[in-house]
Structure formats: C-alpha cells, structure tokens
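The values are calculated or read from the model by the stated rules, or taken from the named source; none is laboratory data. Please read these numbers as outputs of a predicted model, since none were measured by experiment. No Cβ is skipped: glycine too gets one built from the backbone with ideal geometry, and neighbour counts run over all protein chains shown. The accessibility values were calculated without ligands, DNA or RNA, using every heavy atom of the protein model including side chains. Shrake-Rupley method; radii C 1.70, N 1.55, O 1.52, S 1.80 Å.
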Amino acid sequence: MSLRYYIFLRDVLILALTAFGGPQAHIAMMFKLLVDKRRYLTEKELIELNALCQILPGPTSTQTITAIGFKIGGPNLAYLTLLVWITPAATIMALAAIGISYLQQQGMSLEFLRIILPMAVGFVAYAAYVISLKVVTTKTAIVLMVISAILVYFFSSPWVFPVMLLAGGAVTALRFKQHPLEKDKKLHIQWANFILFVGVLVTAAVLGATTSSLPVRLFENFYRNGSLVFGGGQVLIPLLFTEFVDFKGYLTGEEFLSGYAIVQALPGPTFSFCSFVGSLAMRKFGLPGQLLGSFVATVGIFLPGTFLIFFVIRFWDGLKKYRVVRASLEGISAVSSGMVVAAAIQLYHPIENTPLNFGIVVATFCLLLFTKIPAPVLILTGLLLGIIIN
C-alpha cells in the first residue's frame, strides 16, 4: 500500500474523531480536509458522490467517504476506509451500552439520564425540521410527508417503512417529464456487488426466520434496516424504535433515548447507535453476548450500504441521467421527512409528560435552531445537570 493511502487513512481517522454534527457537518469537513487541503478529489466530484449516496439506502456520510476511498485506491482501500471511519464511534457506543447494563445490574438508578432523554427528542424534532425544510418544496411533497407521518405513527410494523418509501418514489416518478431529458444514457453494469447484497439479504432472512439464534436474527434485523433507510441516521431512528422497542421489546424507551442522546455527543456516523442497540438486545448473555450483539449489529447495518455504493459507483454517471430516477427522489425524500416527524412524537411517549420535560424538548430545539452551540456541548451539559440534580 502506497504512502498516499496511509496518509488518506490517517485523514479519515482524524475525521472519525472530530466530525460532529451529522451528515451535513461531515460533508462540510470532508470538503475542508479532503478537497481543499489534500486535493484527493475535486469539489464537483465530492458533490456528485454525496448526491449518489443520498439516493441510496444506508448511511450517507459513511457511503460518501467509502466512495472516496474507492475512487482513490479501489475496493481494498474503500474497505479500510470504512473500518477506520466507523470503529471509534461504534466502540464507544458498545461501551456505553455495557456501562448502562452494569449500572442496572448493580441496582443503580439511571435517573442521571433524565435530562438528556427529552433532549434526545429535541434533537429528532430539529432533524425533522431541517430535513423538511430542505426536501419538502412542492405541494405533492407536503402531502406525501403528512401521509407518511400519519401512517408511520399509527402503524408500528417495520414493513410500513419500505412500502411507504417505494410508494412515495413511485408517485413523484410519474412526473418525470418535468425533468430535462439527457442523452447518451448507456449503462455498463457490473452485477457482482448487487448479487452479493441481495444474496446476503435473502440468506439472512431465511436464517432469521428458521433459527432461534438471537445473533443471527439481530444480523438480519439490522441488515434489513440498513437496506431500507433513505436519508441517513435520523430516518433510521424511527425504524429502530418501532422494531426493537415497540415490536420486540429488546430495549425500553428510556434506554433507547439514552443511547440516541449519547450518539449525538460523539463524532462519526449516527448509524453507530446500532452498536448500542445490538449490545442491549443481547445483555441476557452477559458481556460476551453484548460484545457479539454490538458486532453483528454494526456489521449488519453498515454492510448493505457498502455493497450498494460499490455496485452503483461504477455506473453512476449514466444512471443519474434518467429522468425517472431523478423524479423519484422527491417522493422518497418527502416520505423520509414524514418518518422523522413521526419519530419525534413517538420518542416522546416513553418520557413522563411534565412541563419540565416538554420545556426541555422545546429548549433543545430552540438552542439548535437559533444558536451555534455544538451538539456534544448540549448533551454533556444535560448529563452534568442530571448528575447534579440526582
């Protein structure tokens, strides 16, 4: 491996340890370090790669930085890039889950988390606002967002999400003639990674349905969710809450919110939250079980997006010229926004509805909207206040 690749991986590690604030902030830091300072690629190339990752299911910033690694050094460097990027945050989230389990086993109260629980709801509400502001720009999109929010709120089955996303994309795809026609649309597709993506999905589904092994079923759960999430970590949250809290009861609502609040204070991908969920889902098997749960959850959630970016990046320049593809993005984005709106309401339910808790939700939303206080500072402040009051 050349020296340039080692320097690139070091830069990825720097981003993994310093990139706070979610996908938008991650992309801004990639521009600064990878484009302006290192010149691994041009500004236009990074914008196009990010656009590609936004239309694929999976973690947007993770797929973008993996695609950059692929562009620079092929598949091997891309896989190393992925590992360097996700390891720090996933490790911290696994340790956080183990710490919470230990406190519960010792009979210690988790009351010190009571401030950051409603703060987590404030973060989701803010995410819903920001996403809606950016992608819901037409009457059709508004209608799709409202309908998806209502359906997701009242129907808790995990299968509602993919059906809604496909339906939303289909509705706006019908309006493809509003987009300009582009010529030279020859596609040369290499199917290997897509076959791998589908093969793992089908195999995991079959094994998950026929085995009583919890690690196998967890892998299937996370792989399926990673295959269906459009819009990044904020959209993942309602899927996980519905499946692992409401549907299967692996976590309580309070535990779920605690983990989501903690991940807001960390750099790196929001999808690392799955390491926390997977660990707590396996807590009855002790420390080895929790470590295994974190591992299968992390691999499961990140693998499908990796397969897909490896598959699509090879023919992206031709694909984006199709009007139907461009038109469907409006509906997919609008439905994703509705999911996050519903999540903000659903996540408030496990919290005691008091004026203080509601006030904390509103205050967090306003601080994020009107100030530039970093998310980690807000979360750490809430954690300290909880400890002091407790």
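Descriptive notes on the structure:
- Close contacts from the stretch 37-64, counting a first residue that is farther than 17 Å from residue 305 by Cβ and a second that is open to solvent by 20 Å² or more (accessible area, probe 1.4 Å) and part of a helix (DSSP H, G or I), with Cβ to Cβ under 6 Å and a gap of 6+ residues or different chains, come to 40/72.
- Among the residues of the stretch 107-124, not a single one is at pLDDT below 75, under 23 Å from the mean Cα position of the chain (by Cα) and not polar (S, T, N, Q).
- Of all residues in the stretch 101-139 being touching a residue at least 24 places away in the same chain (Cβ under 8 Å) and aromatic (Phe, Trp, Tyr), the one that is least open to solvent (accessible area, probe 1.4 Å): 123
- Helices (runs of 4 or more DSSP H) wholly inside the stretch 268-344 that include at least 2 residues being under 17 Å from residue 226 (Cα atoms): 273-281, 286-312
- Scan of the stretch 228-242 for residues that are at pLDDT 85 or above and closer than 25 Å to residue 103 by Cα, ordered by number: 240, 241
- Residue 365 being part of a helix (DSSP H, G or I), touching a helix residue (DSSP H, G or I) at 6+ places or on another chain (Cβ under 6 Å) and under 30 Å from residue 84 (Cβ atoms): no
- Conditions (1) under 30 Å from residue 353 (Cβ atoms); (2) open to solvent by less than 30 Å² (accessible area, probe 1.4 Å): number failed by residue 81: (1)
- For the stretch 140-174, a tally of residues being more than 21 Å from the chain's Cα centre (by Cα), open to solvent by 70 Å² or more (accessible area, probe 1.4 Å) and modelled with pLDDT under 90 returns 3.
- Within the stretch 244-258, the residues that satisfy the criterion of being of a type in the set (D, E, K, R) and open to solvent by 50 Å² or more (accessible area, probe 1.4 Å) are 246, 248, 254.
- Criterion applied to 285, 295, 273 was being buried (at least 24 other Cβ atoms within 10 Å of the Cβ) and either modelled with pLDDT of 90 or more or of a type outside the set (Lys, Arg) (or both), and the one residue passing it is 273.
- Selection over the stretch 37-64 of residues that are in a helix (DSSP H, G or I) and open to solvent by 10 Å² or more (accessible area, probe 1.4 Å) gives a count of 11.
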